[in-house]
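Here's the structure we're looking at; comments come further down.
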Amino acid sequence: MAASPGAAAEAAGRCGDHPWCDTSLSPERRAQLLLDALTPAERIGLLAGDEAGGVTGQAGTHTGTGLGVPRLDLPPLYLTDGPVGVRQGPGTALPSSLALAASFNRRLARRDGGVVGNEAKLKGNDVVYAPTINLLRTPLWGRAFESLGEDPFLTGQLGVEWIRGAQAQGVIANVKHFAANNQENNRFTIDARVDERTLNELYLPQFEAAVKQGHAGSVMCSYNRLNGPHACENTWLLQQVLRHRWGFRGFVLADYGASKRIGSGLLAGLDFEPYPFFDADGGENYTPAAVEAALAARHTRQALVDRAVGHLLRTLFAYGFFDRAAYADDDSRVDKAGHAEEARRLAEAGTVLLENDGALPLDPARLKSLAVIGADGDVYKNGGGSSDVQPYSLVTPRAGIAARAGAGVDMRYDPGDDPRRAADVARGADAAVVVVADEAGEGADKSCLGLDCGAAAGLRRDELIDSVAAANHRTIVVLETAGPVLTPWRDRVEGIVESWYPGSAGGTAIARVLFGDVDPGGRLPATFPRRAQDLPTAGDPRRYPGVGDVVHYSEGVLVGYRWYDRRGIAPAFPFGHGLSYASFAFRRPRMRPAPRGLGARVSLEIVNTGRRTGVAVPQLYLGLPGARGRVQPPRQLKGFESVTLRPGRRARVHFRLGARAFSYWDVRRHRWQVAPGCYRMLLGRSSRRIVARATIAVRGARCPGAATAIP
Ligand code: BGC
C-alpha cells in the first residue's frame with residue numbers, strides 16, 4: 001500500500017540520499033547508478049508485479065503493483081485501469097472513448113485524459129493503462145466502445161491529447177494494446193496477418209503519434225499474435241519499430257497474461273509483467289523463480305534482464321517518480337462534482353444527432369406530455385471488462401429527461417418489454433423518446449450488429465421502435481451503443497440521437513441535447529452500415545473472425561469509410577456525419593503550398609447562419625493517387641476542427657498538411673514515400689458531404705484543372 005510520506009520526503013521527493021537521487025543527472029545516468037546498486041536478484045524482482053486481486057477493481061487495491069526495493073528506497077509502483085475512468089472502487093465514469101472520438105475535439109481529449117489522470121493519481125497510482133488506440137476494424141469488436149474509431153489520424157490526434165492531459169497530472173500513460181488487437185474472439189491466440197503497408201498506414205500510426213508526439217512513458221503489448229509471433233515477444237514490433245524506428249525510450253509492459261516465453265520476451269523487449277498470475281496462451285510469467293530458471297537454462301541473459309529493468313527505471317526517473325512524494329490512495333480529494341460536470345460536457349460534445357426531421361430540439365414551452373420508453377433508459381449503460389467503471393454518481397436518461405422536463409410536463413414511462421403496451425403509452429403524448437442500448441464488453445465480440453443482438457432483458461428493440469413510431473409520429477430514438485449498429489427503422493422516426501455509453505452524467509447530457517440547451521457536438525468516428533453484409537470484414541470468415549486462429553486483414557487499407565467509398569457502398573450514416581441545431585456556411589476555402597518543405601496550408605471560413613449557438617466540425621480529406629498494385633482509398637482524413645460559434649459569428653479554421661499527409665508506405669523501400677501525381681483535396685461537413693474540392697499537383701505532375709502545385 002502507498003505509504004503516507006513524511007514532510008521531509010514530501011520536500012525532497014522520496015529518493016533518499018543516494019547517488020541516483022541527484023536531479024541534475026540525466027534519467028539514463030540515474031537509472032544506471034541505481035541499476036548498479038541493485039543485486040541481480042533485486043533486478044529480477046523488478047520484472048514482475050505482485051498484486052493478484054486488484055483486477056476485480058475493489059477500492060483499496062490497484063490493478064497492478066510493482067514491488068519496490070526498500071533497501072535502496074525504491075518505492076513500489078502502482079498501476080490502474082483506464083481509459084474511461086479509474087476502476088478501483090467507484091470513480092467518475094467518463095463517456096466511452098468512442099464518444100470522445102465523436103467530439104472530434106482535441107481540447108476535450110486533453111481534458112478527458114486530465115480527469116482520468118487526476119483520479120488515477122488521487123487513488124494512489126503512478127501509471128494508467130490508457131488510452132486504447134487500437135483501430136475499430138469492425139463494429140462487432142467487443143471493445144469498440146473503448147476505441148477512438150475507424151480512422152488512424154483521428155485516433156492518433158485524440159490519443160496524443162489524452163496522453164498529454166493524463167501525464168500533465170503526473171501519472172504515466174500506458175498506451176494499449178500494441179498492436180493489431182482488433183477483436184476479442186480468440187484474442188489470446190489469434191494471429192493477425194496484416195501486410196506491411198496496411199500495418200504502417202492503418203494500425204501503427206496512432207502508436208507512433210502516441211510515442212513521438214504524446215511522449216507516452218509506457219506501452220502495453222497485446223495478447224494477439226502479429227504475423228506469427230505474439231506481440232509481447234515480437235522483436236520486429238518491439239525492437240525494430242517501437243524502439244529503433246520511433247525512438248521509444250519508455251518501458252513495455254504485458255497485457256494481463258500476454259507474456260510468452262521469458263527468453264523471447266526479454267529479447268524482444270518486454271520489460272515488465274504487472275500480472276504474473278495468468279498465462280493466456282501457454283506463456284511463461286516473469287516470476288523470480290521462472291526468470292532464475294530461464295537464466296540457469298540459458299534461455300536468457302542477465303544483460304537482458306538489466307536492459308528491461310533499465311527501461312523501467314529510466315522511465316520512472318524521466319517522469320519524476322522518485323522526485324516527488326508517493327501518491328496517497330485517498331479519493332476524498334477528488335473533485336467529484338467538478339468531474340461529473342466534465343463528464344457531462346464531454347457527453348454532450350460526443351453526442352451525434354444522426355437524424356432530425358424537425359422534432360428536435362423539444363420545445364419546453366409547448367411540450368405538455370412526453371413518453372419515455374425503454375428499460376435501457378432506466379439503467380447505467382457501459383461496456384464490460386477492464387473499463388467497467390462504477391460511477392460515483394449517476395443520472396440515467398429517464399431521470400435526466402424527467403428532471404429537465406419539469407413538473408409541468410406529463411411524463412409517461414414504459415419499460416418496453418411489450419411493444420404494444422409501449423405504443424399505447426406513447427400514443428397521444430406530444431413526443432415519444434425511445435431509449436435503446438446494446439450489450440458489449442471485453443472478452444467476446446458481438447455476434448451480430450442489430451440492437452437485439454445478444455440482448456439481456458429480452459427487449460425486442462427494433463420492434464419496439466417501430467411500434468412506438470407507428471403510434472406517435474414524433475418519435476425520437478436515443479441510442480446508447482458501443483459503436484455502430486443497424487438502424488432499420490431510421491426512416492420511420494423523426495429524430496435519432498447517438499449518445500454511445502455516455503458515462504456518469506449521461507442522462508443530463510441527453511436531456512440537454514433533446515431540449516436544445518446545448519448543441520450536439522458529435523460527428524461519427526465510425527461508419528454506420530445499412531446492412532451487416534456491407535461491413536469491410538463481412539462475408540469471409542478468413543477475414544473475420546478468422547479460421548484456425550488466423551485472421552487475414554485482406555481488406556488491406558480499406559478499413560471503415562475507406563471501404564465504403566472505394567466500393568461505392570452507401571452507408572446508413574457516413575463517417576464524419578452529425579447534424580447541428582445551428583446552420584453553418586462553409587466559405588472561402590484557401591489553399592497554398594507550405595512555405596518550406598512538402599506540404600500545404602488550407603483554411604476555410606465557417607459562419608453560423610442559424611439562430612442558435614452550435615458546433616461545426618469541418619473536415620479535410622485527401623485522395624492520394626493510386627498506382628498499379630497500390631489501391632488508394634478515395635479519401636483519407638487529414639484535418640479536422642471542432643468550432644463552437646454563436647449566431648452570426650464566423651471563424652477561419654486552418655489545416656496544415658505536412659509531407660506525411662501526402663505519403664504512402666513504400667513496401668519496397670520500407671519507408672514513407674510521396675508519389676508524384678494529382679492529389680484530390682476535399683473539404684466537407686462529413687466524409688460524404690463535401691463542400692469544396694481542389695486538385696494539388698505534386699512534384700511536377702500535370703493535373704487537369706490543378707489550382708495549386710507543390711514541388
Ligand atoms: C485488458 C487490458 C487491461 C488489463 C487489466 C486486460 O484483460 O486487455 O486492457 O488493462 O486486463 O485489467
Within the set of other residues whose C-beta is less than 14 Å from the C-beta of Glu292, count the net charge using Lys and Arg as +1 and Asp and Glu as -1.
+1
log10 I(q)/I(0), Debye, Cα-only region 411-451, no solvent, q = 0.14, 0.23 Å⁻¹?
-0.47, -0.79
May I ask which residue of Ala505, Ser26, Thr92 lies farthest towards the positive end of the charge dipole of the chain, with charges of +1 (Lys, Arg) and -1 (Asp, Glu) on Cβ and the Cα centre as origin?
Ser26
Packing-wise, with mean Cβ within 10 Å as the measure, how do 444-454, 137-147 rank, highest first?
137-147, 444-454
For region 538-650: span of alpha carbons on each principal axis (Å, largest first):
59, 39, 23
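What percent antiparallel are the DSSP beta bridges of the chain, to the nearest 5?
Percent antiparallel among DSSP bridges in the chain is about 55.
Once you sort the root eigenvalues of the Cα gyration tensor of region 572-622 as a ≥ b ≥ c, which label holds: rounded (a/c under 1.5), prolate (a/b larger than b/c) or oblate (the other case)?
oblate
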Placing one equal point scatterer on each C-alpha of region 448-589 and summing with Debye, one gets log10 I(q)/I(0) at q = 0.11, 0.12, 0.18, 0.20 Å⁻¹ equal to -0.53, -0.63, -1.21, -1.35
For the chain, what is the calculated [θ] at 222 nm in deg cm²/dmol (nearest 500), taking -39500 (n - 2.57) for each run of four or more DSSP H residues and dividing by its residue count?
-6500 deg cm²/dmol
So for region 218-371, averaging the separation of alpha carbon pairs under 8 Å that are six or more residues apart and normalising by length, what relative contact order in percent results?
17
Suppose each label sits 7 Å from its Cα in the direction of the beta carbon; what would the Asp357-Ala399 distance come out to in nanometres?
3.3
How would you rank 568-580, 645-657, highest first, on the average number of other Cβ atoms within 10 Å across their residues?
568-580, 645-657
Loop-only check: which trypsin sites (Lys or Arg not before Pro) in region 288-360 are DSSP coil with at most 13 other Cβ within 10 angstrom?
Arg298
Quick one: how many lysine pairs in the chain have C-alpha atoms under 28 angstrom apart, if they're 8 or more apart or on different chains?
18
Between region 344-397 and region 209-273, how many Å separate their Cα centres?
39
Charge tally in the Cβ shell below 12 Å around Tyr664, where Lys, Arg are +1 and Asp, Glu are -1, Tyr664 excluded:
+3
Please state, rounded to one decimal and in Å, the Kirkwood hydrodynamic radius that region 483-531 gives when every pair of distinct Cα atoms enters the mean of 1/r.
12.4
With helices defined as uninterrupted DSSP H runs, which ones in the chain have an alpha carbon span along their own long axis of at least 18 Å and mean Kyte-Doolittle hydropathy of at least 0.0?
152-167, 302-318
At 0.36 nm per residue, minus the direct Cα-Cα distance, what do Arg530 and Arg596 gain on full extension? Give it in nm, one decimal, please.
19.3 nm
In the chain, with Lys and Arg counted as +1 and Asp and Glu as -1 at Cβ, which of these residues, Ala651, Gly350, Pro704, has the Cα nearest the positive end of the dipole, that is, farthest along it?
Pro704
Taking a cut-off of 50 Å, what percent of all Cα-Cα pairs in the chain are separated by more than that?
14
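What is the sum of charges, Lys and Arg at +1 and Asp and Glu at -1, for the other residues whose Cβ falls under 13 Å from the Cβ of Leu202?
Working: positive: Arg137, Arg197, Arg562; negative: Glu150, Asp151, Asp195, Glu196, Glu201, Glu208, Glu555.
Net charge in that neighbourhood comes out at -4.
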Going by C-beta contacts inside 10 Å, put Glu641, Glu184, Glu292, Glu498 in order with the fewest on the left.
Glu292, Glu641, Glu184, Glu498
Checking the a/c ratio against 1.5 first, then a/b against b/c, what shape does the Cα gyration tensor give for region 116-166?
oblate
Checking rank on 702-710, 174-182, 229-237, with mean other Cβ inside 10 Å and highest first, the result is 174-182, 229-237, 702-710
To the nearest 20 debye, the chain has a Cα-centred charge dipole, built from +1 on Lys and Arg Cβ and -1 on Asp and Glu Cβ, of 4060
For region 301-419, whose charge dipole is built from +1 on Lys and Arg Cβ atoms and -1 on Asp and Glu Cβ atoms, the candidate among Ser393, Ala308, Leu362 with its Cα farthest towards the positive end is Ala308
Note down the nm distance, to one decimal, between modelled labels 7 Å out along Cα→Cβ at Ala296 and at Thr609.
7.9
Here the relative contact order (percent) of region 393-497, from C-alpha pairs under 8 Å and at least 6 apart, is 29
Could you pull out every residue, at least 5 positions away or on a different chain, whose amide H is within less than 5 Å of the one on Val478? Hs are placed 1.01 Å off N in the peptide plane, and Pro or chain starts have none.
Val434, Val435, Val436, Val497
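Only the coordinates and a few stated rules stand behind these numbers; no lab work does. If you're wondering where the values come from, they're calculated on a predicted model, not measured in any experiment. Reconstructed Cβ throughout: ideal geometry from the backbone, glycine too, with neighbour counts over all protein chains shown.
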